[in-house]
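The values are calculated or read from the model by the stated rules, or taken from the named source; none is laboratory data. Not measured: the values here are computed from a predicted model. Neighbour counts are summed over all protein chains in view; Cβ atoms, including those assigned to glycine, are modelled from backbone coordinates with ideal geometry. To get the accessible areas, we keep the full protein, side chains included, count just its heavy atoms, and leave off ligands, DNA and RNA. Shrake-Rupley method; radii C 1.70, N 1.55, O 1.52, S 1.80 Å.
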Amino acid sequence: MRVTFKIWRQNNNSDEGRFVEYEVDNISEEMSFLEALDALNESLVEEGKGVVAFDHDCREGICGQCGVFINGRANGPHSNTTTCQLHMRSFKEGEVIVVEPWRAKAFPIIKDLVVDRSSFDRIIQSGGFITAKTGTAPEANSILVGKDIADTAMDMAACIGCGACVATCKNSSAALFTSAKINHLNILPQGKTESTKRVLDMTERMELEDFGHCSFTGSCEIECPESISITNIAKMNFDLLKAKIFKS
């Protein structure tokens, strides 16, 4: 295949940035999208030019590091996938593929396609944990958890923190991410003790990080690689209202 990558290049967050076009030959349909970017960077190195900076790690759809906008959609043309799981057979011969970073105030650009998602880390640090005794691990059956609760918690724990929900939201809301992290712990018996404080602290931190407000359009659920349901947002909002009433 021969394709043209139209890629956003930006040296840092204060740089103005611009799109640059690169024509790449000999792209296999079986290549992943990231492998195609690797091929582009190899050619740029051979030409003595600066490579395109992009995030990646496991390349197995688990780490959540690789997300970019491809032709105006988070992670490309398919729903519920990551960029590393996208293959070049999803594109046509001679196609122009526009690649740009997540666009959100809370995700400042570091370089090219790489953004700073440490705002997610700070939300987790504010309450995404439980108080547990140190020492030897407790007996697995000492706290019984019903299968329905365990399954629901596992569905929410599947969030990989990629930021696709924020990037695709017109308001750049982090409600889906935050609600998944809150509900994952709040639904389990181990997380009940701090559940009220957790929802108050994590939602407050979310607002301080310059994320927008959720208008419940559902676009985040469509683009989420792990298909996290927006019902989590409704539950978070309900728990937040209760927490504020009890606090007052």
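Within the bounds of the stretch 116-125, is there any residue that is of a type outside the set (F, W, Y), within 30 Å of R198 (Cβ to Cβ), open to solvent by less than 50 Å² (accessible area, probe 1.4 Å) and touching a Ser or Thr at 6+ places or on another chain (Cβ under 7 Å)?
Yes.
Within the stretch 107-115, identify whether any single residue is under 23 Å from A180 (Cβ atoms) and open to solvent by less than 30 Å² (accessible area, probe 1.4 Å), and answer yes or no.
Checked against the condition, which is being under 23 Å from A180 (Cβ atoms) and open to solvent by less than 30 Å² (accessible area, probe 1.4 Å), the stretch 107-115 yields at least one hit.
Looking at the stretch 28-49, is at least one residue in a helix (DSSP H, G or I), in contact (Cβ under 8 Å) with a residue 12 or more places away in the chain and under 17 Å from the mean Cα position of the chain (by Cα)?
yes
Can you pull out the residues in the stretch 182-200 that are in a helix (DSSP H, G or I) and either open to solvent by 40 Å² or more (accessible area, probe 1.4 Å) or of a type in the set (S, T, N, Q) (or both)?
Hits for the stretch 182-200 are N183, H184, N186, P189, Q190, S195, T196, K197.
Tell me, which residue of the stretch 224-248 that is over 13 Å from A174 (Cα atoms) and within 13 Å of the chain's Cα centre (by Cα) is surrounded by the most Cβ atoms within 10 Å (Cβ to Cβ)?
In this case the residue turns out to be P225.
If we keep just the residues of the stretch 1-27 that are assigned to a strand (DSSP E or B) and either of a type in the set (V, I, T) or modelled with pLDDT under 95 (or both), which is surrounded by the most Cβ atoms within 10 Å (Cβ to Cβ)?
Top of the filtered list is I7.
When residues of the stretch 202-223 are filtered for being touching a residue at least 40 places away in the same chain (Cβ under 8 Å), over 29 Å from P77 (Cβ atoms) and surrounded by fewer than 22 Cβ atoms within 10 Å (Cβ to Cβ), how many remain?
4
With respect to N71, is the statement that it is over 30 Å from A157 (Cβ atoms), modelled with pLDDT under 95 and surrounded by fewer than 17 Cβ atoms within 10 Å (Cβ to Cβ) true?
For N71, the condition - over 30 Å from A157 (Cβ atoms), modelled with pLDDT under 95 and surrounded by fewer than 17 Cβ atoms within 10 Å (Cβ to Cβ) - is not met.
Can you name the residue in the stretch 74-100 that is in contact with a helix residue (DSSP H, G or I) (Cβ under 6 Å, 6 or more places away or on another chain) and assigned to a helix (DSSP H, G or I) and, of all such residues, is surrounded by the fewest Cβ atoms within 10 Å (Cβ to Cβ)?
M88
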